[in-house]
Structures are given as C-alpha cells and as structure tokens.
C-alpha cells in the first residue's frame, strides 16, 4: 500500500511553498492596501498608504519587510520597485539589512533614491560604496529601480539601464560607522529621510535567484 499524505500535511506543505519565493516568478511584498508583513519602529507616521502606494514623508524612519516571503531573509535575489520622488527629496532602499527600532540601519547596503536633493549621491548609488553623480530620471515621474544580488556581485538599474556594477572584495574591511555594510543576507527596508522629502513606492516585488 502506498503511503498517503494527510490533509494536515498537505496544508503545511502548501503554506511552506507559498512563503518561498519562486526562482521563476516575481512575488509581491506589498499588497497595496496595508502594512501587513512590514514593521516600523520610531516615527511610524512617516509612512502612509494612499491609492495603492506607500507614501514616505516625515522624520527619520525605516519600514522593514518582516513578512513570511522567504522568511524575510534574502541572499541572492532580484528586487524591483516603482518609485516617484518630489523635488528636493531623499530616500533609499536597503537590502541585506535587519530591523532597527531607530536610527540609520547599520547592517546591509542602501540603494540611494535622490534625483535633486542637496546630497550629490544620486538614485541607484550604492550609498558611500559606489556612488553615482549623474541623474537618470526626473522628479514627479515614475521610474523602476532594479537591484540584483548574486553572491558578491551587485547591479542596480533604472528603467532597465544599468547604473552600478559592483563586486564586493573578499575580506573587505569597512571604516568606522560602516562595519556592517557587507553582503550577507537579510531583509529590505524603505527609508524616511526628513520632513522635506516626499517619495512614493509601489509594486515592490522580489524574485529569488
């Protein structure tokens, strides 16, 4: 007699498979309606949801993905996010990071979001690692940031145009204040930079690689 799976076992297998990012499929991390699966510490009011978008505007805060997809721990992946900035705004997308109650995330890398603010590091920079001075997109227009991490290799693109191609050196040592800015694994976070910055995010999707 062949062994059969119980309904409980099938349910567990289904739930487990639904939480793992498919290597061939994009999985949405933001449902467009709620912050289910996301976590923010101090200054949570800096993040709101309007018309299917995450609107970031307020004091320094970071919204971390804390949901079941990939157990919010990603190593090799592709991430695509649709973004729009208002003039003079600054924000960022972190990866390989971890939840912090306050302050700037210490762990992982930041992909800069900034088309016109006073900080010269522009959108798609790997902040303070491989910086970009050129501005590739305008404020008040939607664009797509595409981040790909494979091992020690990172690329960032804007609207399918590659902007950064970076390989982290073996045994690299970072200066004080950046000791944990290293490739490892972790979650994603969106940055609220300051009250004068207003940035919109939607269609946040990931694909394991």
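The values are calculated or read from the model by the stated rules, or taken from the named source; none is laboratory data. Given the structure is predicted, the values throughout are model-derived calculations rather than measurements. A quick note on method: Cβ atoms are made from the backbone with ideal geometry, for glycine too, and the neighbour counts reach across all protein chains shown.
In the stretch 107-116 there is at least one residue that is within 16 Å of residue 146 (Cβ to Cβ) and free of Cβ contacts under 8 Å to residues at least 40 places away in the same chain. Just checking: which of the strands (runs of 3 or more DSSP E) contained wholly in the stretch 61-117 hold 3 or more residues that are in contact with a strand residue (DSSP E or B) (Cβ under 9 Å, 6 or more places away or on another chain) and surrounded by fewer than 22 Cβ atoms within 10 Å (Cβ to Cβ)? Of the strands (runs of 3 or more DSSP E) lying wholly inside the stretch 61-117, those with at least 3 residues that are in contact with a strand residue (DSSP E or B) (Cβ under 9 Å, 6 or more places away or on another chain) and surrounded by fewer than 22 Cβ atoms within 10 Å (Cβ to Cβ) span 77-85.
Looking for something within 30 Å of residue 168 (Cβ to Cβ), in contact with a helix residue (DSSP H, G or I) (Cβ under 9 Å, 6 or more places away or on another chain), modelled with pLDDT under 95 and not in a loop (DSSP other than H, G, I, E, B) - is there at least one such residue anywhere in the stretch 1-22? Taking every residue of the stretch 1-22 in turn, at least one turns out to be within 30 Å of residue 168 (Cβ to Cβ), in contact with a helix residue (DSSP H, G or I) (Cβ under 9 Å, 6 or more places away or on another chain), modelled with pLDDT under 95 and not in a loop (DSSP other than H, G, I, E, B). The residue that is surrounded by the fewest Cβ atoms within 10 Å (Cβ to Cβ), among those in the stretch 133-178 that are touching a residue at least 60 places away in the same chain (Cβ under 8 Å) and over 30 Å from residue 198 (Cβ atoms), is 151. Taking the stretch 118-132 on its own, how many of its residues are surrounded by fewer than 16 Cβ atoms within 10 Å (Cβ to Cβ) and under 24 Å from residue 55 (Cβ atoms)? Residues that pass the stated criteria total 2. Within the stretch 45-60, the set of residues being touching a helix residue (DSSP H, G or I) at 6+ places or on another chain (Cβ under 9 Å) and exposed (fewer than 15 other Cβ atoms within 10 Å of the Cβ) comprises 59 only.
Does residue 39 qualify as being assigned to a strand (DSSP E or B), surrounded by fewer than 14 Cβ atoms within 10 Å (Cβ to Cβ), out of contact with any helix residue (DSSP H, G or I) (no Cβ under 8 Å at 6 or more places or on another chain) and modelled with pLDDT of 95 or more? Against the criterion (assigned to a strand (DSSP E or B), surrounded by fewer than 14 Cβ atoms within 10 Å (Cβ to Cβ), out of contact with any helix residue (DSSP H, G or I) (no Cβ under 8 Å at 6 or more places or on another chain) and modelled with pLDDT of 95 or more), residue 39 does not qualify.
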